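Reading through the structure tokens given below for one structure.
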Amino acid sequence: MDELKACICGTPAHIHEISMGDNWRTRYQIWCHDKACGFEGGIYNSTKKCVEEWNTRPIEDALRAELAAKDAEIARLRGVIEKLETDAAINQIVDNTMKAWGGF
């Protein structure tokens, strides 16, 4: 079974067995234990489906993907900046050396 994500409020969530009488199969539901939140998932026949549905968060997944792309771009730009700073330092050394030797 996949690991259960925390609730959308950040509080740990828990899966519960729900009995619906003697003639009904056991069902499963996940809910947040923060009473101020009270978020609940649907009721399912299996824990696997219950967790799968609870963990499906298309907007959150899209935002995480967008954030990862932006983090990658930031890392790339930091590398560019580092190279530019290195190049500028080398150019300054060359310029100072040329001045010290009377220029070329």
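Just so you know, all these numbers are worked out from the coordinates, no wet-lab data involved. What you see is a predicted model, and the numbers here were worked out from it, not measured in a lab. Note: ideal-geometry Cβ built from the backbone for every residue, glycine included; neighbour counts use all protein chains shown.
What to note about this one:
- Counting only Cβ charges, +1 for Lys and Arg and -1 for Asp and Glu, the dipole size of the chain around its Cα centre is about 40 debye.
- Between helix 58-100 and the chain: long-axis angle, C-alpha atoms, 0 to 90°, nearest 10: 10 degrees
- Exposure proxy ranking, count of Cβ atoms within 10 Å, fewest first, for L84, L4: L84, L4
- Cα pair distances of the chain binned at 10 Å [whole percent]: 13, 24, 17, 12, 10, 9, 8, 6, 2, 1
- Comparing I30, I93, I15 in a Gaussian network model of the chain where C-alpha atoms under 10 Å apart are linked, the largest mean-square fluctuation is found at I93.
- Listed by chain and number, the lysines whose C-alpha is less than 28 Å from the C-alpha of K83, apart from same-chain residues fewer than 8 away, are K70, K99.
- Counted by neighbouring Cβ atoms within 10 Å, the residues W54, W101, W31 run from fewest to most as W101, W31, W54.
- Contour excess over end-to-end distance, with Cα ends at W31 and L67 and 0.36 nm allotted per residue: 10.2 nm
- Max mean-square fluctuation residue, GNM over the chain, Cα-Cα springs under 10 Å, options N91, N55, N45: N91
- Environment charge at Q92 (Cβ cut-off 12 Å; Lys +1, Arg +1, Asp -1, Glu -1): -2
- Simple label model, 7 Å out from Cα along Cβ direction - T97 to K49, nm: 7.3 nm
- In this simple spin-label model, placing a label point 7 Å from the Cα along the Cα-to-Cβ direction at both I59 and M20 gives a separation of 2.8 nm.
- If you sort the three axes of the alpha carbon gyration tensor as a ≥ b ≥ c, you get a/c of 1.5 or more for segment 1-56 and a/b no higher than b/c, which makes it oblate.
- Spin-label model distance (nm) - K5 vs L77, 7 Å beyond Cα toward Cβ: 2.7 nm
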